[in-house]
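What follows is a set of notes on a single structure, which appears directly below.
Just so you know, all these numbers are worked out from the coordinates, no wet-lab data involved. What you see is a predicted model; the values in this text were computed from it and never measured. With ideal geometry, Cβ positions are generated from the backbone for all residues, glycine too; neighbour counts draw on all protein chains shown.
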Amino acid sequence: MTLAIRSVAQSHVGLVRQGNEDSGYAGPRLLVVADGMGGHAAGEVASAVAVESLAVLDGPGPTPDDMDADTALTDAIARANQRIRDLVEADPRRSGMGTTVTALLWCGDSFSLAHIGDSRAYLLRDGELGQLTRDHTYVQALIDEGRISESERETHPARSLLLQALGGEDVVPDVAGVEAADGDRLMLCSDGLSGVVPVDEIAGVLASVADPQAAADELVELAVAGGGPDNITCVVADIRASTHVAQDDDTTEAHLVGAAAIGAAHPDALRYDEEPEADADGTDGGTADSASTADPREVKDVDADEAERYAPRRPSRTRIALAVTLALVLIGLVGFGLRQLALWYDQQYFVGVEDDSVVIRQGVPGIPGSSVVSTVPDLPVDAIPEVYREDVDAGIRADDITDATEIAERVRREACRASNAGPEISGFPGLDCSGLQTGSTS
């Protein structure tokens, strides 16, 4: 008796993105999810390249043994990474293009797992759902170090910062073995699913919906119902005992979804050297991301925090190298994190106090190093009502400089309203209420 796989894939653009930059693959031996980033003519290309580079491993032939599968996955990922870098070099407009990749290659009675980024792989066994991958994100590193709690993951300002993705230099995937058993169910997904649907709901669907296609469809529907802020892709595979002896010419239909499916069905749709068509106004045409739909993630040439990687279920080829490089990796991770925090810090603004004046500062309230961008004219601190004074003294966070200016004007309205000032006169020296309707706080 042997074990056999039945796998399906599903993908959805979501409710916010203008195009699907995810790619998914479910075949007789190979399962892959890739979540591209970089915008129009970039993210979708990167994820399709990853899937196409790995899909060649799903051809006919003898089942690879464990070490062969590990090597095959690692080499295919290296080829995909180099291809993405070559595409960026050929067209600098695609700078920042990259993709996550999570892949499982069947070895007969187990899987070889390779993983880079924040897409995930889960295993449901005996009703219990376990995560097989570790996110290569800055927030995950903070959680591992005990600096933030798991509950703070989705609200942390750096939650979209990836530490590894295809498109960087010297990319090395996490590689480990996953033993298979009759009745197992595997699920791979992009963060458009895992970042929206709680893990207990994911577990409930995988445990209760018997048909894998129906389970994949329901998981995607849950992510869409949760707002669909990102592309959504998942692959579901069931492991079942079979009395059939696999032959070299056995074939199982492969499922391609997302950007890779567009490239497979229409070979010219993913031409990596094409020039974007220009609209009448001279701007690039197509589905260029707007400010509200731009992917905040970036590809950075940074090694992952190997110290916290999960323990493989059999000896890993990288274990000896890990002992030698651990110190260098940790130093690189800390340095990278500090640089990214500095970049993020420089993009923050708040309304606060400097001496007796209301000012707009660049930085974060309560963290040293903020600098005054501008002083709000004709708005002395003494004029602010006591109920708002504490907020201004502590600093009121703003989305950007424009939002900070609007917050300052709302504070002025409250000051004028509290002083019972008319449009030409205020009750406090230096407070200018001209042009304001002081009877309303809107």
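Placing one equal scatterer on every Cα of the range 349-418 and applying the Debye formula, the log10 ratio I(q)/I(0) at q = 0.15, 0.23, 0.25 Å⁻¹ is -0.39, -0.94, -1.12. Listing TYR122, TYR349, TYR388, TYR25 from fewest to most neighbouring C-beta atoms within 10 Å gives TYR388, TYR122, TYR349, TYR25. Of the residues SER419, SER112, SER371, the one with the fewest other Cβ atoms within 10 Å heads the list, and the complete ranking is SER371, SER419, SER112. Within 10 Å of each residue's Cβ, count the other Cβ atoms and sort SER110, SER149, SER374 from fewest upward. Neighbour counts put them in this order, fewest first: SER149, SER374, SER110. Along its first, second and third principal axes, ordered by size, the range 64-114 spans 44, 15, 9 Å in Cα coordinates.
Model label points for ASP75 and GLU89, set 7 angstrom from Cα along the Cα-to-Cβ axis, are 2.1 nm apart. Extending 7 Å from Cα along the Cβ direction at ASP109 and again at GLU414 yields two label points whose distance is 6.9 nm.
What shape does the range 1-138 take by its C-alpha gyration tensor, where a ≥ b ≥ c are the square roots of the eigenvalues and a/c under 1.5 counts as rounded, a/b above b/c as prolate, and the rest as oblate? Here the range 1-138 falls in the prolate category.
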